[in-house]
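Visitor: Could you have a look at this structure, given as structure tokens, before my questions?
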Amino acid sequence: MNNSTPPVITIDGPGGSGKGTVSRILAKQLGWHFLDSGALYRLVALSARNHAIPLYNEPALETLAAYLDVQFETDHDMQGRIILEGEDVTGALRDESCGNDASRVAVLPGVRRALLRRQREFLIPPGLVADGRDMGTVIFPTAKLKIFLTASAEERANRRYKQLKDKGLDVNLADLLNDIRERDARDSTRSVAPMQAAPDAILVETTGVSIDAVIQRIVELWQRAV
Ligand code: DC
């Protein structure tokens, strides 16, 4: 990437660290585009389910990921609908089961390879906020500002519990905490692009910190970086 490449801020971290919310609001504030890379892995998992492809069939999943028929409808809140193969899957994508399946397809090098170019295509003017696990390490390694958000597993389980309860879902906090720990372990120990902070990433702890304060800190870091 050279000087004429639009700017990108990468925001990596584990599930429930606040990445999604922080990245969306930040992109809106800056007037930039937003990449929710986790949604791509979730889409592959959902499409695999629709086509009855087992999550161990790497060649079939790689092809699926390469030819994923998806449209992201953006609105001014960066919360637009996601259409997979003609169907609105915005709600289905957020299911816990879809997130768990996404974590399983994400260990497959073929799937990651197929999604690489698709993710880089999101980098268009005036700029991009990219949310994921390997944004700063693999997808946009030359980003000027790389953030790695952290929060304790207990805090992340509590956040998810509240979100799901607010949606009227019947959830169990202990199960959520287990899921989070399992997913963290799988995401950080896989051999390809494991979840880890880039050596030049800035760690931002979010336990007990408001979303607004986290965004404020990132904006200050960006102003200092340019
Ligand atoms: O951020 P999320 O919960 O929507 O991500 C779902 C899964 O996708 C997550 O468990 C790991 C995987 N993922 C990944 O491996 N790399 C990314 N850049 C984003 C998500």
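Since every read-out is calculated from the coordinates, none of them should be taken as a lab result. Note that the structure is a prediction, hence the values are computed from the model and not measured. Please note: Cβ atoms are built from the backbone with ideal geometry, for glycine as well, and neighbour counts cover all protein chains shown.
Visitor: Hey, could you get me the Stokes-Einstein D for the stretch 116-162, Kirkwood radius over alpha-carbon pairs, 25 °C and 0.890 mPa s, rounded to whole µm² s⁻¹?
Guide: This corresponds to a translational diffusion coefficient of 194 µm²/s.
Visitor: Just going by the charge dipole of the chain, with Lys and Arg at +1 and Asp and Glu at -1 on Cβ, which of L149, T137, L115 is farthest out on the positive end?
Guide: T137
Visitor: Would you please calculate the Kirkwood hydrodynamic radius of the chain over all C-alpha pairs and express it in Å, rounded to one decimal?
Guide: After inverting the mean inverse Cα-Cα distance, the result is 17.9 Å.
Visitor: Still on this structure, please answer the following. Could you list Y41, Y67 so that the one with the fewest beta carbons within 10 Å of its beta carbon is first and the one with the most is last?
Guide: In order of increasing Cβ crowding within 10 Å: Y67, Y41.
Visitor: Next question. Only Lys, Arg, Asp and Glu count, each charged at its Cβ (+1, +1, -1, -1), so figure out the dipole size of the chain about its Cα centre, rounded to 20 debye.
Guide: Numbers: 28 positive and 30 negative charges, 100 e Å.
It works out to roughly 480 debye.
Visitor: Further question: Beyond 24 Å, what share of the Cα-Cα pairs of the stretch 31-150 remains, rounded to the nearest whole percent? Please list the in-between numbers first.
Guide: Working: 1766 of 7140 pairs.
Cα-Cα pairs in the stretch 31-150 separated by more than 24 Å: 25 percent.
Visitor: Follow-up. How large is the Kirkwood hydrodynamic radius of the stretch 33-92, in angstrom, based on all distinct alpha carbon pairs?
Guide: Numbers: mean 1/r = 0.0824 Å⁻¹.
About 12.1 Å, per the Kirkwood formula over Cα pairs.
Visitor: Restricting to bridges with both residues inside the chain, how much of the DSSP beta-bridge set is antiparallel, in percent to the nearest 5?
Guide: 25
Visitor: If the elastic network links every pair of Cα atoms under 10 Å, which of G91, G16, G38 fluctuates the most in the Gaussian network model of the chain?
Guide: Highest fluctuation of the listed residues: G91.
Visitor: Quick check: from the Cα gyration tensor, does the stretch 70-127 come out rounded (a/c under 1.5), prolate or oblate?
Guide: Oblate is the answer for the stretch 70-127, as a/c is 1.5 or above yet b/c matches or exceeds a/b.
Visitor: Separate question: Using the alpha-carbon centroid of each, what span in Å lies between the stretch 26-86 and the stretch 144-219?
Guide: Result: 20 Å between the Cα centres.
Visitor: In which sequence would H51, H76, H33 go, from the one with the fewest C-beta neighbours within 10 Å to the one with the most?
Guide: Fewest to most other Cβ atoms nearby, the residues stand as H76, H51, H33.
Visitor: Further, regarding this structure: Please get the size of the charge dipole for the stretch 102-226, origin at its Cα centre, with Cβ charges of +1 on Lys and Arg and -1 on Asp and Glu, quoted in debye to the nearest 20.
Guide: On the way: 21 positive and 16 negative charges, 103 e Å.
Dipole about the Cα centre, nearest 20: 500 debye.
Visitor: In what order do I147, I53 fall by count of nearby beta-carbon atoms within 10 Å, going from fewest to most?
Guide: Exposure proxy ranking, most exposed first: I53, I147.
Visitor: Here is a follow-up. For V138, what charge total do you get from the other residues with a beta carbon under 11 Å from its beta carbon, if Lys and Arg give +1 and Asp and Glu give -1?
Guide: +2
Visitor: Then there is this: GluC sites (Glu not before Pro) within the stretch 99-203: which are DSSP loop residues with at most 11 other Cβ atoms inside 10 Å?
Guide: Here the GluC sites (Glu not before Pro) that fit, given the DSSP loop and packing criteria, are E121.
Visitor: Using modelled backbone amide H atoms (1.01 Å from N, in-plane), which distant-in-sequence or interchain residues come within less than 5 Å of I11's amide H?
Guide: A130, D131, G132, I147
Visitor: Pull up the DSSP beta bridges for the stretch 26-154 and report the antiparallel fraction as a percent, rounded to 5.
Guide: For the stretch 26-154, the DSSP antiparallel bridge percentage is about 55.
Visitor: Nearest 20 debye, what's the magnitude of the dipole of the stretch 1-103 about its Cα centre given +1 on Lys and Arg Cβ and -1 on Asp and Glu Cβ?
Guide: Values: 7 positive and 14 negative charges, 71 e Å.
Here the stretch 1-103 has a charge dipole of around 340 debye.
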